[in-house]
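Colleague: Here you go, one structure.
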Amino acid sequence: MAIQEGLAAKASGDERTATTKSAGAAELARCDLAPPKRTAKLRKVVIDNAETGTVRLKRGVDKADEMALDTASTKTTRIRG
């Protein structure tokens, strides 16, 4: 959820919220709560300095990398009715 909210904020030009949400996603990744493939995709969009605890958005990120991260952060579940 943090990834999707961060990407949405970035798309709307809200860098502050995008950075905050991305920091939350990076924190989860540091704690090994995120799948490795998703963590790799996250690193293409944010710079995470675990030593200082700072996270910032990368400049000039390829739109395909953002889309791959967005897609990887969702899960579709079939509901039987």
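Colleague: Filter segment 41-67 down to the residues that are of a type in the set (A, V, I, L, M, F, W, C) and more than 10 Å from the chain's Cα centre (by Cα), then identify the one that is farthest from D14 (Cα to Cα). Spell out how you get there, then give the answer.
Modeller: Kept after step one, since they are of a type in the set (A, V, I, L, M, F, W, C), are these residues of segment 41-67: 42, 45-47, 50, 55, 57, 61, 64, 67.
After this cut, where a residue has to be more than 10 Å from the chain's Cα centre (by Cα) as well, the list is 47, 50, 55, 61, 64, 67.
On the way: I47: 17, A50: 23, V55: 15, V61: 16, A64: 20, M67: 18 Å.
Checking each candidate, the answer is A50.
Colleague: Report yes if T39 is surrounded by fewer than 15 Cβ atoms within 10 Å (Cβ to Cβ) and among the β-branched types (V, I, T), otherwise no.
Modeller: Numbers: surrounded by fewer than 15 Cβ atoms within 10 Å (Cβ to Cβ): no; among the β-branched types (V, I, T): yes.
Answer is no for this residue.
Colleague: Would you call A23 open to solvent by 70 Å² or more (accessible area, probe 1.4 Å), aliphatic (A, V, I, L, M) and closer than 24 Å to K75 by Cβ?
Modeller: Spelling it out, it is not the case that A23 is open to solvent by 70 Å² or more (accessible area, probe 1.4 Å), aliphatic (A, V, I, L, M) and closer than 24 Å to K75 by Cβ.
Colleague: Exactly one condition in (1) farther than 23 Å from T76 by Cβ; (2) at pLDDT 85 or above; (3) surrounded by 18 or more Cβ atoms within 10 Å (Cβ to Cβ) is false for V45; which is it?
Modeller: Every condition holds for V45 apart from (1).
Colleague: So which residues in segment 54-79 are touching a helix residue (DSSP H, G or I) at 6+ places or on another chain (Cβ under 8 Å), of a type outside the set (A, V, I, L, M, F, W, C) and in a helix (DSSP H, G or I), if there are any at all?
Modeller: Of everything in segment 54-79, those that are touching a helix residue (DSSP H, G or I) at 6+ places or on another chain (Cβ under 8 Å), of a type outside the set (A, V, I, L, M, F, W, C) and in a helix (DSSP H, G or I) turn out to be D65, E66, D70.
Colleague: Further, regarding this structure: Let me confirm something: among A18, A72, A50, which residue is at negative phi, modelled with pLDDT under 85 and either among the aromatic types (F, W, Y) or open to solvent by less than 50 Å² (accessible area, probe 1.4 Å) (or both)?
Modeller: A72 is the lone residue from the list that is at negative phi, modelled with pLDDT under 85 and either among the aromatic types (F, W, Y) or open to solvent by less than 50 Å² (accessible area, probe 1.4 Å) (or both).
Colleague: What pairs can you find where one residue is in segment 50-64 and farther than 13 Å from A18 by Cα, the other is assigned to a loop (DSSP other than H, G, I, E, B) and not polar (S, T, N, Q), and their Cβ atoms are less than 9 Å apart, with a gap of 6+ or different chains?
Modeller: Close Cβ pairs satisfying both conditions: V61/K44; V61/V45; D62/K44.
The values are calculated or read from the model by the stated rules, or taken from the named source; none is laboratory data. Here the structure is a predicted model, which means the values were calculated and not measured. Backbone-built Cβ (ideal geometry, glycine too); neighbour counts: all protein chains shown. These area figures cover heavy atoms from the full protein model, side chains too; ligands, DNA and RNA do not enter into them. Shrake-Rupley method; radii C 1.70, N 1.55, O 1.52, S 1.80 Å.
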